[in-house]
Every structure is written in structure tokens, then in C-alpha cells.
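The structure appears below as C-alpha cells.
The values are calculated or read from the model by the stated rules, or taken from the named source; none is laboratory data. Every value quoted in this text rests on a predicted model; they were computed, and no experiment measured them. FYI the Cβ positions are ideal-geometry reconstructions off the backbone, even for glycines, and counts take in every protein chain you see. For the accessible areas, the whole protein counts, side chains as well, though only heavy atoms, and no ligand, DNA or RNA atoms are used. Shrake-Rupley method; radii C 1.70, N 1.55, O 1.52, S 1.80 Å.
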Amino acid sequence: MGKTVEINPTTRHEGHTKLVLKVDDDGIVEKGNYLSVTPVRGFEKFLVGKPAEFAPIAVSRFCGICPIAHATSAVEAIEDACGIVPPKDGLLLRELTGIGNKMHSHPLHEFLIAPDFIPEKDRVEYITRIQQMRKTGQYIVDTIGGEAIHAPNIKVGGMLKSITPSAASKIYYKCKEFEKLAKEQLEYLIPIFENRTLVDGTEIPEKLGYHDFGYLATDSTYGNRENIDQKKVHEYTPYDVYEKEVAVQACTTIPRYNGRLMEVGPRARFAKFHDFKEKGAMAIHIARAYENVVHVKRAMEIVDELNVDGPTRAKDPILGDGEKLGLGVHEAARGHNTHQASIDEKGRITYYNAIVATTWNIPLIGKAVEGTHYKFAEHVVRAYDPCVSCATHMISLDYDNKVVNEKYFK
Amino acid sequence: MPGYLNKEILVLGCGNILFGDDGFGYHIINRLNELKEQYPILNSEKIQLIDAGTGASHFILSLIDGETPLRKIVIADIIDYGLEPGTLKKLYVEDIPNLPKYHVDAHDMPLAGMLREINDDYGVEIVVIGCQQKRVTAPDILLELSDEVTNSIDDAVKMIIEELN
């Protein structure tokens, strides 16, 4: 017979979502749908007509978790549209700000999964380590970005200013500490994920979260628009993909690359750039734990490479032709984050679109819960660290420019 | 630790500029930055002004611990007490609702519980300068504050500066 199981809300991630699962008599998921139920917002529409410089300020407010990732994608898209090339030291500082954001975000996710995996006796030490790591990540964002949350130094053309030599050496010193903590964290977490055992002793099925979709990542730590063919990206509406009763509840588009669902995030980056072949939900946790070390190593490299006296911002005017579609890609904590913008001759935005990291992962998470018992589904969701508030964007046209049933948008 | 955790007083402007009166906190921080010449206290090394948006719990409050020299947090935010729009109200930690612990979502963690804990555990004084909202438009975008809330900004700024002295 089978039945439908709804897990609503799913917990300990960012934003409001639910799982709608068709399960068989043994509780095994036959069809999985993972849905954002955060209300739709219209950033892409209201940015049109605004000055280009407003975009990074506005998109930093997509949600309270990844302001740096969005500001970075926005300025990259506008620079591409306007043909502006930021100076090297500006880009290094910008990359370092983004890495600071990830050095805060990944440990935060490790905190969110603590009730699943970390025995009570280890928690204080585990969380203390996480808090120290988060402080360093935030120190970097605060120092280079100019403010802790909505970093005002991230500007179209580069960065507003450089840092002092003493700030650079403090960052380096703190990174050394972070590296030590990240390695401790890694050594602690890997056996837990490899053993596939929850804190209550439940064994996680070996193939939990396995899927055969692709991986999308353009850079190991920053983002590179040369590494993606954006023409192969198409956004579908929920009505193209889900059954109607499910589609009506979904608040995100479904992007595909070359017609295929793609995973983004730590494991996708590891698969692309570190020859990582592990599959399943536990492999995402493992890749994320390794990434803390990758991030901090790159942060130290950047500090070494940075000339604090070098120019940080291109002086070109922020003007476009109204036609060229600029592409900004950034590897956010949760994965490949794309913003696209066109800018007119007066410096105003004529088109804006954002396909944020979790938009890619949402349809894939639904598929990845299929084949195992539904009681494990939440662990698949959490492995992806979804940040749904940013992902809730919707278009009312499908890929053939057909208007989708409008009543669902009222 | 981040520079702002080494201060004695934090002024946090909370809320989202994209949702009408929810942008009150952002406008307060902007005004305080403009007034730095007029009020030298705002330049004090011991004070940090932060446009905290919707990330205060995430990026600031959850990082405070016994090592933090912080002794006071002043929060500018909208309130909804059914007062005349634009009415200002000063709230202390005992006025903050005692919400049950909330573990569902790291994104929507309410500030109230965290503020109480910071006060209880580390003795950090909490003052909220609340402004009665007229309209919060989420999920629709509105970049302007209502006239009533705009007209309260100067008085709210004075209340904050009093708290800093």
C-alpha cells in the first residue's frame, strides 16, 4: 500500500522546509520531495532600476547567514557586466573575506549536528573548539570586510581599502591557531562519520544519501566564472518537475546543468578539485571537515601573497551597455552561488538573477533520501547544511517562456 | 576574537532595510555614524556601532563568553506593542519575553533568550530602544520607513547617546 510521510518542519538548518515522502510498507522512501516553504520574495525584480552599487548592499540582506557570499557574487556579476577587472590585491582581500565567512559557517554547521553525532561527554570540548574557530572566521570578516556582518568594504571594482601590516600578521597568527583546531576537529569527526553511528547507537545505512547526479563547483575556495558554461544552466519551475500538489507548496526554482541536477557544496568542491570519490551523506560531512583545513591553508597563502600597499579597487566607472549579462560565481559555504546582472549606460541595474547554492541542492536532497528508511531522511537534509532563506526565489515563466498557472503566485 | 567583542559597549541596529519599518535599526546606525563629529562619545574606542541586520544572534551574540570584556549592549529595533506608530520605548532585560528554548532553526533564533542568557551568565547590561512599527512588509520589499518611524530616529539617537554616557 505505502503512504505519505511529511516531516515538517525539518530542523537544525537555516530556513523553513519540509520533506514530503512516499514510503512503502517497510518505511523505505520511494519518492522524496524536499521543499522550501519560506515565503517567496522578489529581490530580482526590485533591484531592477536601482544603482549597481546598491546590489551588494541589498543582496547582503537575502538572509542573515551568508551576507558575504551574496555581496561577493553581486560585485563579481556587476564587474563582469561592466568589464571591470579588480586589482590583484583587491581580489585577494575579497577571497580572504569569503574564506573568513566559510571559516565561521562550517564550524557552525558542525555545532548544529552535535546532537546527532557527539556524545554528551565530549560536547563541551567540541563546542569550545567550534566557538574558537568561529571567532577567528568572524575576526577575518570583521577586519577585512570592515564590519562583522554586512561588510561595507566589498565594493564593485575590488575592496574599499587594504589592511594594515599588523592586521595581516594578526590574521596569520589566528589562522595558525585555527589550523590546529581544524585538524583536531577533523581527527575527532572522521571516525564518527566513517563509523556511521548516531549518538544513540543507531547505525546509519551505508548508502544513505547516495545519488548519481553531477557535481558543480568552479573553484576550490573562491569562484571562477571561466569554469562554468552558464548557457547550460536552466531554471525550471516546480510545476515542471513535481506533482501539482507538491509543486504548489514549493518556493524555489529547480536549476539543472546540461539537463541534470547537480550537487554543490563541500563534497562537490572536493570531487572537482581534490579527487574525492566518497558518496552519501556522511561523505559530505567528511568533505566539510576537511575543508576547514583547506580554507585556513588558503587564508595563510593569501596573507603571504598579499601586498598591503597594493591598489585594492579599480577606478573604472560602473557603467554597462544594458545588454551584457555579467556573471558572478562564488563558492559559498554551501556551494556554487551565482548572481547575474546587466547594467545600463547610467549605471542602473536592468536585469538581476540569483541562483544561490541551496537552490541547486534542494531538488537533489529530495532524490538523495530515496531508497532508505524515512527515519534517516533528516540526516540527509542536515548533511547538505541547507540555507533556504536565500534560495527562495521564484520565476513565473518556465524555460520556454510559458506562463505558469498564475493563481499559485497570488 | 573579532574586534567588536573586545569593546565595552555594542550598539546593534537590528532588522532588515528591505522590509519597511524593519529598517529602523539600520537607519539608526547610519545616523549615529553621521553624528560622530557632533557627539565625540561615538568615536570612543570602547564603543562599536554595528549594522547587525538579521545576523546579530548568529554573528555576535552567540560568540560572547566569559573572555569578552563587554558590559553593555544597546539594541535599536522595532517593536510591536500596539502603540502609536513611532512611539519609542526603552526595554530592559526583565522586559524581554521569556521565550522557551528554540532549537528548530539556526536562522530564526529569537534574540530574547540569548539576551537573557548573556545577561545572566556574563552580567552584560541589555537595553533595547524599541520603536513601534507601522508597517513591516515582509515578504514584500519596501525600502522606505514610514513617516512616523522616520520622525522618531532623532529621539531614538538621543536615547542611545544617553545610554553611552
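Return the calculated 222 nm mean residue ellipticity for chain A, to the nearest 500 deg cm²/dmol, obtained by summing -39500 (n - 2.57) across DSSP H runs with n ≥ 4 and dividing by the residue count. The per-residue figure over chain A is -13500 deg cm²/dmol. Counting only protein heavy atoms and a 1.4 Å probe, the protein assembly as shown has 40 square angstrom of accessible area per residue.
Mean shadow of the range A:165-242, computed from the convex hull of its alpha carbons, in nm²?
Working: hull surface 41.7 nm².
Average of the hull's projected areas for the range A:165-242 equals 10.4 nm².
With Cα atoms as the point set, the radius of gyration and Dmax of the protein assembly as shown evaluate to 23.1, 74 Å.
Residue by residue, the range A:95-105 carries 3J(HN,Hα) couplings of 4, 5, 4, x, 5, x, 4, 6, 5, 8, 6 Hz when phi is fed to the Karplus relation 6.51 cos²θ - 1.76 cosθ + 1.60 (θ = phi - 60°); x denotes Gly or Pro. Close amide H contacts of A:H336 (hydrogens built in the peptide plane, cut-off under 5 Å, sequence separation of 5 or more or a different chain): A:G265.
Heavy-atom accessible area buried between chains A and B is around 2900 Å² (1.4 Å probe, both sides summed). With the charge dipole of chain A set up from +1 on Lys and Arg Cβ and -1 on Asp and Glu Cβ about the Cα centre, the Cα lying farthest toward the positive end among the listed residues A:Y374, A:V308, A:A354 is that of A:V308.
Peptide packing for A:303-310, A:352-359 was compared via the average number of neighbouring C-beta atoms within 10 Å per residue; ordered from the highest value, the list is A:352-359, A:303-310. About its Cα centre, the range A:118-180 has a charge dipole of approximately 120 debye under the convention of +1 per Lys or Arg Cβ and -1 per Asp or Glu Cβ, with nothing else charged. The alpha carbons of chain B occupy a box of 43, 42, 25 Å along the principal axes, longest dimension given first.
Counting Cβ atoms of other protein chains within 10 Å of each Cβ in B:141-153 and taking the mean gives 1. For chain A, the relative contact order comes to 28 percent (Cα pairs under 8 Å, sequence separation of at least 6).
Dividing the mean sequence gap of close Cα pairs (under 8 Å, 6+ apart) by how many residues the range B:1-92 holds gives a relative contact order of 43 percent. Across the range A:327-335, computed HN-Hα scalar couplings (Karplus, 6.51 cos²θ - 1.76 cosθ + 1.60, θ = phi - 60°) run 10, x, 10, 9, 7, 6, 3, 8, x Hz from first to last residue, x flagging Gly and Pro. In the range A:189-269, a dipole from Cβ-located charges (positive for Lys and Arg, negative for Asp and Glu) runs towards its positive end, and of A:Q230, A:P266, A:H211 it is A:Q230 whose Cα lies farthest in that direction. Note on A:134-140: average number of Cβ atoms from other chains within 10 Å of each residue's Cβ is 5. Taking the 1.4 Å solvent-accessible surface of the protein assembly as shown as the whole, the part contributed by carbon and sulfur is 49%. Scanning residues 5 or more positions from A:K31 or on other chains, those with amide H under 5 Å from its amide H are A:K22, with H placed 1.01 Å from N in the peptide plane.
Hydrophobic long helices, here whole DSSP H runs in chain B with Kyte-Doolittle means of at least -0.5 and Cα atoms spread over 24 Å or more along the helix axis, are found at B:147-164. Here the 3J(HN,Hα) profile of the range A:143-149, calculated from phi with Karplus coefficients 6.51, -1.76 and 1.60 at θ = phi - 60°, is 6, 8, x, x, 7, 5, 10 Hz, Gly and Pro shown as x. Think of the range A:45-194 as a dipole: +1 on every Lys or Arg Cβ, -1 on every Asp or Glu Cβ, centred on the Cα centre; then among A:F178, A:H70, A:M103, A:H70 lies furthest on the positive end. Residues with amide H under 5 Å of A:G158's amide H, sequence separation 5 or more or different chain, H placed in the peptide plane at 1.01 Å from N; which? HN-HN under 5 Å from A:G158: A:A314.
Residue by residue along A:148-154, Cβ atoms of other protein chains within 10 Å of the local Cβ number 5 on average. Dimensions of the range A:210-324 based on its C-alpha atoms, expressed as ranges along the principal axes with the largest first, amount to 58, 44, 24 Å. Taking label positions 7 Å along the Cα-Cβ direction at both A:I127 and A:K170, the computed distance is 2.8 nm, reported to one decimal.
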